[in-house]
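To start, the structure itself, in structure tokens.
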Amino acid sequence: MQWKDVAQNWTAFTPRIMTRWPTLEENEILAIDGDQERFLNYLTASKGDDPVGAQMELADWLMGEEPADAVMDPTRDNARINASAQNIPAGEVPSNDDRRFGDDNTPEPPLAKAS
């Protein structure tokens, strides 16, 4: 994972940050709003650690995979939907070909009578 992804989706990553560093305050983390330098300063101050140690700890955390709860966060839905449009060839309308849905041989339900 890269810091820019964390910064862009800061609120989605806040629970994961709280899990990794449980002594940090959620309100303080949210106020940092993805600023890496401010986060490192806060991490250093809260742990009483040296800045190099905090940087190494953050780098270690960033080496991991992007957590599923952050990937699936509802605040990221629109970006994911917009990105999926890149996989649709030009001129294709996804709803035109419904053979993949398996209902081609199913008769249409009868229309209800208007009373």
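Within segment 5-21, residues that are under 18 Å from Arg80 (Cβ atoms) and in a helix (DSSP H, G or I) sit with their Cβ atoms under 8 Å from residues that are among the polar types (S, T, N, Q) and modelled with pLDDT under 90, at 6+ positions apart or across chains, in these pairs: Thr11/Thr75; Ala12/Thr75.
Across segment 3-23, not a single residue is classified as on the phi > 0 side of the Ramachandran plot and surrounded by fewer than 16 Cβ atoms within 10 Å (Cβ to Cβ).
Scanning segment 31-69 for residues that are touching a residue at least 12 places away in the same chain (Cβ under 8 Å) and of a type in the set (Gly, Ala, Ser) yields a count of 4. Restricting Thr23, Thr44, Thr19 to residues that are among the β-branched types (Val, Ile, Thr), under 18 Å from Met63 (Cβ atoms) and either modelled with pLDDT of 90 or more or out of contact with any helix residue (DSSP H, G or I) (no Cβ under 8 Å at 6 or more places or on another chain) (or both) narrows the list to Thr19.
Put simply, of Asp50, Asp60, Asp69 the only residue that is closer than 13 Å to Trp3 by Cα and either of a type in the set (Asp, Glu) or modelled with pLDDT under 90 (or both) is Asp60. Residue count for segment 23-37, restricted to those that are in a helix (DSSP H, G or I) and over 21 Å from the mean Cα position of the chain (by Cα): 1. Scan segment 77-105 and report the pairs whose first residue is within 30 Å of Asp5 (Cβ to Cβ) and in a loop (DSSP other than H, G, I, E, B) and whose second residue is at pLDDT 75 or above and among the basic types (Lys, Arg), with Cβ atoms within less than 6 Å and a gap of 6+ or a chain change. If the second residue must be at pLDDT 75 or above and among the basic types (Lys, Arg), no pairs are left.
The values are calculated or read from the model by the stated rules, or taken from the named source; none is laboratory data. In this text the structure is predicted, and so the values were computed from the model without any measurement. Note that each Cβ is placed from the backbone with ideal geometry, even for glycine, and that neighbours are counted across all protein chains shown.
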